[in-house]
């Protein structure tokens, strides 16, 4: 169990940040020539983002489901996310153009995204017996002690804006 950190932890991120969910859904399973390139497009983007921290990308997690893939990404700001998505020299732009040429509106592959801007204290995170994951990998990973170690107090305090890591 390498990487497992026993105990209860939380995540701290200084200032606001953005949670960006992006994914693809395979609508026609046998249309390999349509969905395989879409699935492969995210790897080079993630490599570019991790190599260039000034782009504002903090961390990402990938999840595979029956018909698709979802990425949970953490960004420093909406501006960073938009600038990357629209940068003509980014890996994203050629991948987006290729998707539009190959798939367009034919229905074989669906893509989606949602973004949420989170204020400095507008989140709750709990990790128990986990490696650094999600927001804890994007920000600071710290032991949840005192009220942060008790779910009932932690959730009530977070809702009231009282408990802060």
query = Residues in the stretch 109-117: is at least one surrounded by fewer than 17 Cβ atoms within 10 Å (Cβ to Cβ) and either at pLDDT below 95 or out of contact with any strand residue (DSSP E or B) (no Cβ under 9 Å at 6 or more places or on another chain) (or both)?
reply = no
task = Could you figure out which of (1) free of Cβ contacts under 8 Å to residues at least 40 places away in the same chain; (2) surrounded by 13 or more Cβ atoms within 10 Å (Cβ to Cβ) isn't true of residue 133?
result = (1)
query = How many of the residues in the stretch 33-48 are exposed (fewer than 12 other Cβ atoms within 10 Å of the Cβ) and over 16 Å from the mean Cα position of the chain (by Cα)?
reply = 2
inquiry  = Kindly evaluate residue 144 against the criterion of being buried (at least 17 other Cβ atoms within 10 Å of the Cβ), modelled with pLDDT of 95 or more and not assigned by TED's automatic domain parsing to the domain that holds residue 22.
reply    = no
request  = All but one of (1) in contact (Cβ under 8 Å) with a residue 60 or more places away in the chain; (2) within 13 Å of residue 24 (Cβ to Cβ); (3) touching a strand residue (DSSP E or B) at 6+ places or on another chain (Cβ under 8 Å) hold for residue 102, so report the exception by its number.
outcome  = (3)
key: Selection from the stretch 93-124 of residues that are outside any loop (DSSP other than H, G, I, E, B) and within 16 Å of the chain's Cα centre (by Cα)   = 111, 112, 113, 114, 115, 116, 117, 118
ask   = Restricting the search to the stretch 17-32, which residues are over 19 Å from residue 103 (Cα atoms) and surrounded by fewer than 15 Cβ atoms within 10 Å (Cβ to Cβ)?
value = 21
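The values are calculated or read from the model by the stated rules, or taken from the named source; none is laboratory data. Because the structure is a prediction, the values reported are computed rather than measured. Every residue, glycine among them, receives a Cβ derived from its backbone with ideal geometry; neighbour counts consider all protein chains shown.
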